[in-house]
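The values are calculated or read from the model by the stated rules, or taken from the named source; none is laboratory data. All figures in this text were calculated on a predicted structure; none of them were measured in a lab. Don't worry about glycine lacking a Cβ; one is built from the backbone with ideal geometry, like all the others, and counts go over all protein chains shown.
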Amino acid sequence: STPIETLEFQSEARQLLQLMIHSIYSNKDTFLRELISNASDALDKLRLETFRDKELEADTSDLHVAIELDAQARTLTVRDNGIGMTRDEVVSLIGTIAKSGTADFLRKLKQAQDAAGSQDLIGQFGVGFYASFMVADKVTLVTRRAGTAEGVRWESDGEGTYTIQTVVDAPQGTAVTLHLKPEDAEDRLFDYTSPVKIREIVKRYSDFITWPIRMSKGSAADGEDAASESEVDTVNSMKALWARSKDEVTDQEYHELYKHVSHDWQDPLETIRLQAEGTFEYQALLFLPSRAPMDLFWRERKRGVQLYVKRVFIMDDCESLVPEYLRFVKGVVDAQDLSLNVSREILQQDRQIQLIRRRLVKKVLSTVKSMMTTDPDKYATFWTEFGRAVKEGLLDDVENRDAILDISSFASTHDAEKPTTLRQYVERMKDGQEYIYYLTGESRSAVEKSPHMEALRARGVEVLVLTDPIDEMWVDAVAGFDGTQFQSIAKGQVDLDTDEENETAKAEREQRQQDFAGLLSWLTETLGDTVKEARLSSRLTTSAACIVGDTHDMTPTLEKMYRAMGQ
Ligand code: ADP
Ligand code: MG
């Protein structure tokens with residue numbers, strides 16, 4: 001037989017496995033959801049690859065998932081006849097964790113001292129295949145990549161190393177066998193060799209999976225005969241949730257679908273349904289996650305929703321269906337009239353896809369808008385997590401600019417604790433106030449300490465405190481909100497008391513201007529290239545002087561940003 005190699009897990013993988021072995025997740029049943037999810041993905045991938053590559057020698061006659069239980073040996077096997085993995089794929093996909101943010105997560109977990117805090121953190125982090133080690137003390141994976149001759153056998157107890165070996169007789173696809181922990185044997189709750197228990201878990205977590213999940217009808221307790229001879233049946237209903245009417249589907253079912261498509265372990269914040277009938281029929285089921293992913297602002301991140309055509313999975317991360325600024329939206333779009341052979345390039349040009357995308361965007365924005373009134377706490381969570389991304393839409397999506405402004409919130413001097421919407425700001429505007437005032441900066445405290453704030457504070461005029469890098473960009477591009485223009489208090493003349501200035505005040509101002517004319521021209525000359533002009537100001541109350549940008553100048557933060565980008 002072929003030699004057995006022993007390899008080490010990557011260090012992050014090793015740490016995660018330790019967490020699994022010591023079983024810190026409260027719900028162990030989820031291991032099965034993860035294995036079935038992977039099997040389903042493998043079947044999707046195989047079907048797609050056979051569309052694209054007609055030469056591929058693969059058997060697609062009876063694609064399915066099978067669950068096999070053996071009470072005597074105390075094993076549970078999840079088998080699929082999908083795409084399978086090569087040796088190198090097993091090493092890179094199973095031996096390492098490519099998932100973005102893993103290192104971050106582990107660091108935070110270390111810092112989270114109290115058990116409650118770490119539980120909460122763990123629940124957010126999907127561990128996928130490694131969840132097997134919550135219930136198994138040894139896992140064996142046998143796989144053969146479709147179209148290749150040799151298979152691979154992988155085995156590990158999760159303690160630092162795994163073995164890998166070439167095998168000759170592996171069937172196409174992947175079989176994962178869990179050798180269940182002895183300590184769970186007596187506990188009915190964790191008896192994962194019980195067919196009743198396993199059927200219940202499949203129904204609960206994986207009912208919507210579009211491939212049949214089969215199990216033997218006989219009970220495992222019947223012995224060997226039952227395993228070999230008894231009939232099998234399909235446990236899941238395979239009903240696409242997006243094609244069913246709303247009142248037929250429970251929230252829990254929606255949430256499980258969300259976890260399958262997003263690989264998130266937490267429930268979504270919001271579920272959004274869309275159905276279009278007529279000449280161009282499609283259904284969509286979209287989700288707003290309850291937390292921003294670690295890679296929300298990384299360049300290489302993936303985005304987009306899953307695309308199905310007539311219930312057939314076509315692709316993950318279909319970026320043509322959602323704009324960049326809504327990259328956190330997850331879900332499924334099922335279109336009736338597309339070809340199964342569509343490629344990403346074709347989709348970008350496709351008029352129907354563009355129409356769907358427009359509808360999806362409007363629906364997401366209107367959902368958030370109604371959340372603002374029906375569930376303000378939920379909206380606040382949404383905005384904290386995703387507001388920074390959504391504001392990019394103010395630049396990118398001119399068509400929906402007003403709708404985006406409408407659902408945006410900003411920190412403001414009105415209430416340090418609570419962000420304000422623009423509508424609320426406008427309602428609080430002073431009589432005669434013409435503009436929505438704002439100041440950009442690197443942090444709230446930097447903005448509040450700014451000398452530009454003094455006059456406005458003294459007069460009780462509210463100022464928006466804009467501290468996200470993107471704020472620098474959109475405030476220049478957006479004309480105003482509902483007819484009221486934005487005005488930076490650091491730029492040009494801020495006219496605070498236009499018509500109130502009476503004759504004496506005017507005379508006084510002119511007198512002062514004359515008194516200081518000499519000083520001002522001396523300052524302007526001495527400071528030379530650094531400033532354009534020195535002038536008297538009514539905007540300061542305690543600081544002696546401040547630097548003001550010209551109306552069209554870049555703000556200091558923006559300048560810094562461009563410099564950082566090398567421009
Ligand atoms: P995720 O599913 O989030 O990518 P997992 O830990 O569940 O993370 O799986 C890691 C990777 O291993 C998968 O992305 C897939 O490429 C591969 N894999 C796992 N199970 C299977 C399987 N049954 N068939 C083929 N590939 C698999
Ligand atoms: Mg997975």
### Query
Do any helices (runs of 4 or more DSSP H) entirely within segment 1-117 hold 2 or more residues that are farther than 24 Å from Gln172 by Cα, modelled with pLDDT under 95 and away from ligand 2 (no atom under 16 Å from the Cβ), and if so, which?
11-21, 102-111
### Task
Could you list, in sequence order, all residues of segment 454-468 that are modelled with pLDDT under 90 and touching a strand residue (DSSP E or B) at 6+ places or on another chain (Cβ under 7 Å)?
Leu456
### Query
Considering only segment 76-98, how many residues are charged (D, E, K, R), touching a residue at least 40 places away in the same chain (Cβ under 8 Å) and out of contact with any helix residue (DSSP H, G or I) (no Cβ under 6 Å at 6 or more places or on another chain)?
3
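Looking at segment 120-149, which of its residues are charged (D, E, K, R) and within 16 Å of ligand 1 (Cβ to nearest atom)?
Keep residues of segment 120-149 that are charged (D, E, K, R), which gives 120, 137-138, 144-145.
Result: Arg144, Arg145.
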#### Entry: Of the criteria (1) closer than 24 Å to Phe125 by Cβ; (2) touching a Ser or Thr at 6+ places or on another chain (Cβ under 9 Å), which one Tyr25 fails
(2)
### Task
Restricting attention to segment 417-440, report how many residues are in a loop (DSSP other than H, G, I, E, B) and aliphatic (A, V, I, L, M).
1
## Note on the structure
So, first residue on the phi > 0 side of the Ramachandran plot in segment 162-177, second residue away from ligand 2 (no atom under 16 Å from the Cβ), Cβ within less than 6 Å, six or more apart or across chains; the pairs are Gly173/Asn81
### Message
Going residue by residue through segment 120-140, is there one that turns out to be assigned to a loop (DSSP other than H, G, I, E, B), away from ligand 2 (no atom under 16 Å from the Cβ) and of a type outside the set (A, V, I, L, M)?
### Response
no
### Query
Identify, please: which residue in segment 457-486 is assigned to a strand (DSSP E or B) and among the aromatic types (Phe, Trp, Tyr) and is, among those, nearest to the chain's Cα centre (by Cα)?
Phe481
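Just to be sure, is Arg87 within 24 Å of Thr166 (Cα to Cα), within 16 Å of ligand 1 (Cβ to nearest atom) and either crowded, with 17+ Cβ neighbours inside 10 Å or acidic (Asp, Glu) (or both)? So that I can check it myself, show each step before the final result.
Details: within 24 Å of Thr166 (Cα to Cα): yes; within 16 Å of ligand 1 (Cβ to nearest atom): yes; either crowded, with 17+ Cβ neighbours inside 10 Å or acidic (Asp, Glu) (or both): yes.
Answer is yes for this residue.
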### Residue list for segment 442-456, restricted to those being outside any helix (DSSP H, G or I), loosely packed, with under 14 Cβ neighbours inside 10 Å and either over 35 Å from the mean Cα position of the chain (by Cα) or free of Cβ contacts under 8 Å to residues at least 60 places away in the same chain (or both)
Ser443
